[in-house]
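Engineer: My questions will all concern the structure given below.
The values are calculated or read from the model by the stated rules, or taken from the named source; none is laboratory data. Everything numeric in this text was worked out from a predicted model, so none of it was measured. Counting neighbours? That spans all protein chains shown, and the Cβs are built from the backbone with ideal geometry, glycine included.
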Amino acid sequence: MNMQIPLMFPKRCRPWLVAGLLPLLAACGQQAEDPANPPTSVVVAKVGLTDYSQRGRITGEIRARTESNLSFQIAGKLIERAASVGDHITVGQVLARLDPAEIQADVTTQLAAVSASEALLRQATSNFDRQQSLLDRRVATRKDYDAAQEALLTARAALEISKLQLETARDQLSHTVLRAERAGIVTASNMEVGRVAQAAETVYTIAEDGPRDAVFDVDESILATDDVVPEVTVSLISDPSVQAKAVVREVSPTVDRATGTIRVKVELKDPPAAMTLGSAIVAEASFPTRQAMVIPPAGLFSAAGRPAVWVVNVQDMTVSLKPIVVHSYESDRIIVESGLDSGETVVTRGGQMLHPGQTVDTVEEAGQ
């Protein structure tokens with residue numbers, strides 16, 4: 001037979017006993033409600049200085065080393081356009097014509113003026129010869145002789161002026177025909193037949209035959225380095241097997257305000273025939289090797305808006321978030337400028353659910 005024997009305590013001891021048992025009971029209840037959480041499994045890697053070469057990949061196009069704009073030297077109505085975009089032109093080839101009617105009339109007028117001046121000169125010459133003969137025979141006066149001589153000189157000057165005016169009119173007439181000054185390819189045609197062209201207004205843009213450049217608009221941050229600009233490899237986007245070596249020839253000293261880019265011209269060395277004008281290309285470059293710390297993109301987090309990584313304390317296997325300074329972002333890696341010490345262990349995967357002070361169970365990154 002079971003019997004329950006009540007515990008007997010003096011009344012004056014009961015409050016103290018209850019006060020002492022309450023914390024023990026509460027601790028037992030909490031232990032039963034919150035079982036211990038296991039460590040979070042993460043993938044880690046030990047960081048250290050390694051050889052790093054910055055890579056660059058940008059797109060551009062093939063252009064002529066020299067481009068020229070062709071225009072008429074006089075104003076007039078365009079009546080003929082003899083070349084189109086893509087045509088290869090030769091030196092002296094006729095490209096366009098203006099209506100010559102008005103200038104042709106001026107040439108005809110100046111021809112008549114020259115004929116009239118020649119007739120006046122013949123008359124003045126005959127009169128001068130007669131006066132000189134009369135003066136020699138003491139028949140004519142000196143005054144008549146001087147007048148005949150003055151008329152002769154005036155007629156000669158008038159003829160020279162008429163000839164110069166005729167030459168000017170003919171020169172103007174020649175300007176109604178636009179000819180190619182150098183061989184090349186027409187890359188732009190800016191005027192249609194029937195339009196009135198103004199003097200010096202561009203009619204054609206010509207990519208002159210000769211050396212070809214690869215032209216790129218590069219973000220200014222890429223050029224904000226003390227590294228020597230490297231040799232680049234240029235290839236066609238449509239056919240990456242078509243490649244050519246190139247060296248940087250010219251870097252613009254100013255930044256385009258609209259795009260924030262800098263124009264870079266690269267000289268192609270023995271480009272293949274497939275690299276024609278206007279071809280879309282991609283350039284790849286590797287800068288000189290330097291020492292840097294590299295982490296995978298998945299290992300990058302944020303602390304108060306700044307780049308940071310989770311660092312594992314190998315003594316107690318807890319993590320903390322450590323701010324870093326990033327040198328550059330690439331598609332498959334992050335280059336760390338400062339903030340990490342060589343030999344530190346950082347979380348590369350599985351850090352999304354971590355919080356400071358959390359205990360982790362680590363697995364080494366493959367390849368480490």
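Engineer: Out of A112, A151, A105, I need the residue that is within 30 Å of T202 (Cα to Cα) and of a type in the set (A, V, I, L, M). Which one? Lay out the reasoning, then the answer.
Structural biologist: On the way: A112 fails: within 30 Å of T202 (Cα to Cα); A151 fails: within 30 Å of T202 (Cα to Cα).
Among A112, A151, A105, only A105 is within 30 Å of T202 (Cα to Cα) and of a type in the set (A, V, I, L, M).
Engineer: Of all residues being of a type in the set (S, T, N, Q) and either part of a strand (DSSP E or B) or modelled with pLDDT of 95 or more (or both) in region 69-83, which is surrounded by the fewest Cβ atoms within 10 Å (Cβ to Cβ)? Just the residue, please.
Structural biologist: First, the residues of region 69-83 that are of a type in the set (S, T, N, Q): 69, 71, 73.
Pick out the ones that are also either part of a strand (DSSP E or B) or modelled with pLDDT of 95 or more (or both) and you get 69, 71.
Values: N69: 13, S71: 16.
Among those residues, the one meeting the criterion is N69.
Engineer: Among the strands (runs of 3 or more DSSP E) lying completely within region 260-364, list those that include at least 2 residues that are closer than 20 Å to A246 by Cα.
Structural biologist: On the way: elements: 261-269, 280-286, 290-295, 301-303, 306-313, 318-323, 325-329, 334-338, 345-349, 360-364.
Once the strands (runs of 3 or more DSSP E) in region 260-364 are filtered for at least 2 residues that are closer than 20 Å to A246 by Cα, what remains is 261-269, 280-286.
Engineer: Condition first: touching a residue at least 40 places away in the same chain (Cβ under 8 Å), touching a strand residue (DSSP E or B) at 6+ places or on another chain (Cβ under 7 Å) and within 22 Å of E364 (Cα to Cα). Can you find one or more residues in region 265-288 that meet it? First the steps, then the outcome.
Structural biologist: In the first step, residues of region 265-288 are kept if they are touching a residue at least 40 places away in the same chain (Cβ under 8 Å); the result is 265-268, 271, 275-288.
Going one step further and asking which of them are touching a strand residue (DSSP E or B) at 6+ places or on another chain (Cβ under 7 Å), we end up with 265-268, 271, 275-286.
Applying the additional criterion that residues be within 22 Å of E364 (Cα to Cα) yields none.
Looking for residues that are touching a residue at least 40 places away in the same chain (Cβ under 8 Å), touching a strand residue (DSSP E or B) at 6+ places or on another chain (Cβ under 7 Å) and within 22 Å of E364 (Cα to Cα), one finds none in region 265-288, hence no.
Engineer: Taking R55 and the conditions (1) of a type outside the set (S, T, N, Q); (2) surrounded by 15 or more Cβ atoms within 10 Å (Cβ to Cβ); (3) modelled with pLDDT under 85, which numbered condition does it fall short on, given that it satisfies the others?
Structural biologist: (2)
Engineer: Please name all residue pairs, on different chains or six or more residues apart, with Cβ atoms under 8 Å, provided the first residue is in region 139-150 and is outside any loop (DSSP other than H, G, I, E, B) and the second residue is among the small types (G, A, S) and modelled with pLDDT of 90 or more.
Structural biologist: A148/A124
Engineer: Now for a separate question. Exactly one condition in (1) of a type outside the set (S, T, Y); (2) outside any helix (DSSP H, G or I); (3) over 60 Å from the mean Cα position of the chain (by Cα) is false for L95; which is it?
Structural biologist: L95 satisfies all of (1) of a type outside the set (S, T, Y); (2) outside any helix (DSSP H, G or I); (3) over 60 Å from the mean Cα position of the chain (by Cα) except (3).
Engineer: Among the residues that make up region 167-176, is at least one of them assigned to a strand (DSSP E or B) and surrounded by 13 or more Cβ atoms within 10 Å (Cβ to Cβ)? Quick ask: steps written out before the conclusion?
Structural biologist: If we filter region 167-176 for residues that are assigned to a strand (DSSP E or B), which is where we start, we get none.
Scanning region 167-176, I find no residue that is assigned to a strand (DSSP E or B) and surrounded by 13 or more Cβ atoms within 10 Å (Cβ to Cβ), so the answer is no.
Engineer: Pairs only if they're at least six apart or on different chains, beta carbon under 8 angstrom, first in region 89-110 and touching a residue at least 24 places away in the same chain (Cβ under 8 Å), second surrounded by 15 or more Cβ atoms within 10 Å (Cβ to Cβ) and among the hydroxyl-bearing types (S, T, Y); list them, first residue then second.
Structural biologist: Pairs that qualify, where the first residue is touching a residue at least 24 places away in the same chain (Cβ under 8 Å) and the partner is surrounded by 15 or more Cβ atoms within 10 Å (Cβ to Cβ) and among the hydroxyl-bearing types (S, T, Y), are L95/Y204; A96/Y204; R97/T176; L98/T176; D99/T176; P100/T176; I103/T176; Q110/S162.
Engineer: Go through region 153-166 and give me each residue that's touching a residue at least 40 places away in the same chain (Cβ under 8 Å), of a type outside the set (V, I, T) and surrounded by fewer than 16 Cβ atoms within 10 Å (Cβ to Cβ).
Structural biologist: K163 - this is the single residue of region 153-166 that is touching a residue at least 40 places away in the same chain (Cβ under 8 Å), of a type outside the set (V, I, T) and surrounded by fewer than 16 Cβ atoms within 10 Å (Cβ to Cβ).
Engineer: If you take the residues of region 219-240 that are charged (D, E, K, R) and under 17 Å from S328 (Cβ atoms), which of them is modelled with the highest pLDDT? Before the answer, list the steps.
Structural biologist: Applying the first criterion (charged (D, E, K, R)) to region 219-240 yields 219-220, 226-227, 231, 239.
Next, only the ones that are under 17 Å from S328 (Cβ atoms) stay: 219-220, 226-227.
Working: D219: 78, E220: 72, D226: 53, D227: 56.
Among those that are charged (D, E, K, R) and under 17 Å from S328 (Cβ atoms), it is D219.
Engineer: For the structure I just gave you, tell me whether I334 is without any contact (Cβ under 8 Å) to a residue 60 or more places away in the chain, aliphatic (A, V, I, L, M) and crowded, with 16+ Cβ neighbours inside 10 Å.
Structural biologist: Details: without any contact (Cβ under 8 Å) to a residue 60 or more places away in the chain: yes; aliphatic (A, V, I, L, M): yes; crowded, with 16+ Cβ neighbours inside 10 Å: yes.
Here the answer is yes, as I334 does meet what is asked.
Engineer: Within region 275-321, which residues are polar (S, T, N, Q), surrounded by fewer than 16 Cβ atoms within 10 Å (Cβ to Cβ), out of contact with any Phe, Trp or Tyr (no Cβ under 8 Å at 6 or more places or on another chain) and within 30 Å of E231 (Cα to Cα)?
Structural biologist: Correct list: T276, S286.
Engineer: Among the numbered conditions (1) at pLDDT 95 or above; (2) under 30 Å from E192 (Cβ atoms), tell me where G86 comes up short.
Structural biologist: Exception for G86: condition (1).
Engineer: Just the residues that are part of a strand (DSSP E or B), of a type outside the set (G, A, S) and under 16 Å from R57 (Cα atoms), please, taken from region 235-251.
Structural biologist: First, the residues of region 235-251 that are part of a strand (DSSP E or B): 235-236, 243-251.
Going one step further and asking which of them are of a type outside the set (G, A, S), we end up with 236, 243, 245, 247-251.
Of everything in region 235-251, those that are part of a strand (DSSP E or B), of a type outside the set (G, A, S) and under 16 Å from R57 (Cα atoms) turn out to be L236, Q243, K245, V247, V248.
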